[in-house]
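A.B. asks: Once you've had a glance at the structure underneath, I'll fire off some questions.
The values are calculated or read from the model by the stated rules, or taken from the named source; none is laboratory data. Keep in mind it's a predicted model, so treat the numbers as computed, not measured. Using ideal geometry, Cβ is built from the backbone for each residue, glycine included, and neighbour counts are taken over all protein chains shown. Keep in mind that these areas ignore ligands, DNA and RNA; they rest on the heavy atoms of the full protein, side chains included. Shrake-Rupley method; radii C 1.70, N 1.55, O 1.52, S 1.80 Å.
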Amino acid sequence: MAAEGQIVAPSGLADFTQSAIGRRLVLMLGVAAVIAVMAGVWMWSQRPDYHVLFSNFSDKDGGAIVASLQQMNVPYKYSEGGGAILVPADQVHDIRLKLAAQGLPKGGNVGFELMENQKLGTSQFLEQVNFQRALEGELAQTIQAISAVQAARVHLALPKASVFVRDQQKPTASVLLNLEPGRALDPGQVSAIVHLLASSVPELTPDNVTIVDQNGNLLSDTNKKLANNGLDPSQLKYVQELQQDVASRIESIITPIVGANNVHAEVTADVDFSHSEQAAETYKPNGTPDVATMRSQQTSETINGEGNASGIPGALSNQPPAPSTAPITAPAAAAPAATPAGTPTSPATPAAAANTAGTTPPAVVHKDATVNYEVDKTIRYIQQPMGGLKRLSVAVVVNYKQTVDKKGNVKNVPLTEAEKTQISDLVKEAMGYDQARGDTLNVVNSPFAATKEIIPEVPLWKQPDNIQLAKDIGRYVLALIAMLYLYKKVLKPLLEKFNQIQEKRHHMAEEEDEDEGSEVHLSGQEHTGGHAHTPEGSYKKNLDMAKQMAKDNPKVVANVVKAWVNNE
């Protein structure tokens, strides 16, 4: 029985030891798992917010950006779908500047740097294709510099040169624009892109350039007639600038009198954009001869001398002369009438010129005079330019002036007639008033309505700063609660169990030592006749160990006592 008792104790102790080791291993693994979870919660609470670094990039640029981020030891991740690269929010601008210094992202377009990697033995056709690709890439990069354009793609159709004139073809170009969200190009910007391409490609005309946006809208339709009576954008812009300029001049000259925000002016300009030409030829009536300018004069005079045959040939001239007579009285010769200038004179008749028989006929005088005077002639050629101002209509509203009474109250008082007249005169001078042109002016003095804009107060829980702050605080609080829960409910009980197992192992080791000591002590007593010679310290130690063992493991003590009894 004693042998059985001695064998049972060691076997139970071994089983207990093995089960304790297993439980210890499980506890250690549990503690490690809890610590790992707590560390993960803490790291999650310290995780930074990620913002977009770049988006809508090509695969080549994406690889270069990721490689550069890895070299700089910057954490990054991809958005859903891989359309953007995210980095910590506090490093976005710094990383963008660093990548820009490296020329990233380069974009999908390749410029003339493509010509730097020419291989030996490249054909002429391949060289031409590379040149066209490089030219398209350079034009696309230039167009992308416009603020409203996000991306651009250019296609050029460059015909092959021909020595025959009839076979020559003009180059054409097509452009696809990807505009920024919510942005649009006005006709002036579209025209600028068209002329930019036409000026960059030899023999490319603006009519052969087609521009389309990402929605498929044709932007370069030159045949599209605009509204507003056919005015093109430049004309509309000119009218708007003219109206704004006149209104600003009026407000700037009236503001010092009535104060800021107390005057408002609106201008309507009627501009004539018609192009007219006029040619006129005017003849004025001749002036008096003394005043008129003589251009040319021609005079012809013929004189026939005395004794010369005169008269009209015929039967009358062949008759013998009549016998001479001596009249008592001879009538006085009539003076010849004056001949007007420019009128030829007729010869004198023989009957009128013949004197009485026996007298000598006088000489015959023939005069012709032609005088040419300058005729008044006016030729006027008038070309009226476009953009002539036909009429201005101006409306001005002036607020009541504010006065302070004796009690300190502010009152709105209308302007006097003299003040209104003064303002009207100033407005006329500022606008260039012309009554003959049909300009109109209307100045109204009226109190302005209160324009104080009431902005609704945003609740605290809707303010973006407060929302972000609440998210941060909630993340830290949640992490703290999770760590406390894991510590109290999992880690602390495991540690307590682990300590208990350690104590039990310590007690069992002490019990084994006490059993061995008690057996040695008993055997010593048997050999010495019941008298053990041990030091006093070892006796007290063995006594304490026996008491503790009897208290902790009464079964073991009972087995020892039983063995003693059986031995006796």
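A.B. asks: Assess whether Ser68 counts as being farther than 30 Å from Ala157 by Cα and at pLDDT 85 or above.
C.D. replies: yes
A.B. asks: With the checklist (1) farther than 19 Å from Asn261 by Cα; (2) in contact (Cβ under 8 Å) with a residue 12 or more places away in the chain; (3) not in a helix (DSSP H, G or I) in hand, flag the one item Met483 doesn't pass.
C.D. replies: Result: Met483 passes all but (3).
A.B. asks: Just to be sure I understand the filter: pairs with C-beta atoms under 6 Å, separated by 6 or more residues or on different chains, first member in the stretch 393-406 and closer than 21 Å to Val427 by Cβ, second member open to solvent by 50 Å² or more (accessible area, probe 1.4 Å) and not hydrophobic (A, V, I, L, M, F, W, C). Which pairs pass?
C.D. replies: From the stretch 393-406, the pairs are Ser393/Thr268; Ser393/Thr440; Ala395/Glu266; Ala395/Asn442; Val397/His264; Tyr400/Asn412; Tyr400/Pro414; Tyr400/Pro447.
A.B. asks: Every residue in the stretch 176-213 that is of a type in the set (Val, Ile, Thr) and under 19 Å from the mean Cα position of the chain (by Cα), please.
C.D. replies: Listed by number, the residues that qualify are Val190, Ile193, Val194, Ile211, Val212.
A.B. asks: Select the helices (runs of 4 or more DSSP H) contained entirely in the stretch 49-160, then report the ones holding at least 3 residues which are within 25 Å of Leu176 (Cα to Cα) and open to solvent by 60 Å² or more (accessible area, probe 1.4 Å).
C.D. replies: Result: 124-144.
A.B. asks: Give the residues of the stretch 270-284 that are touching a Ser or Thr at 6+ places or on another chain (Cβ under 8 Å) and farther than 30 Å from Lys377 by Cβ, sorted by residue number.
C.D. replies: Matches in the stretch 270-284: Asp270 only.
A.B. asks: Would you mind finding the one in Lys492, Lys547 that is at pLDDT 80 or above and either among the β-branched types (Val, Ile, Thr) or open to solvent by 70 Å² or more (accessible area, probe 1.4 Å) (or both)?
C.D. replies: After applying the criteria, what remains is Lys547.
A.B. asks: Please count how many residues of the stretch 365-421 are in a strand (DSSP E or B), more than 51 Å from the chain's Cα centre (by Cα) and either among the charged types (D, E, K, R) or closer than 23 Å to Thr440 by Cα (or both).
C.D. replies: 3
A.B. asks: Need pairs with beta-carbon distance below 7 Å; first residue part of a loop (DSSP other than H, G, I, E, B) and within the stretch 235-259, second open to solvent by less than 70 Å² (accessible area, probe 1.4 Å); sequence gap 6+ or separate chains.
C.D. replies: none
A.B. asks: Is there a residue being modelled with pLDDT of 80 or more, touching a His at 6+ places or on another chain (Cβ under 6 Å), closer than 29 Å to Leu242 by Cα and surrounded by 14 or more Cβ atoms within 10 Å (Cβ to Cβ) anywhere in the stretch 413-435?
C.D. replies: No: zero hits.
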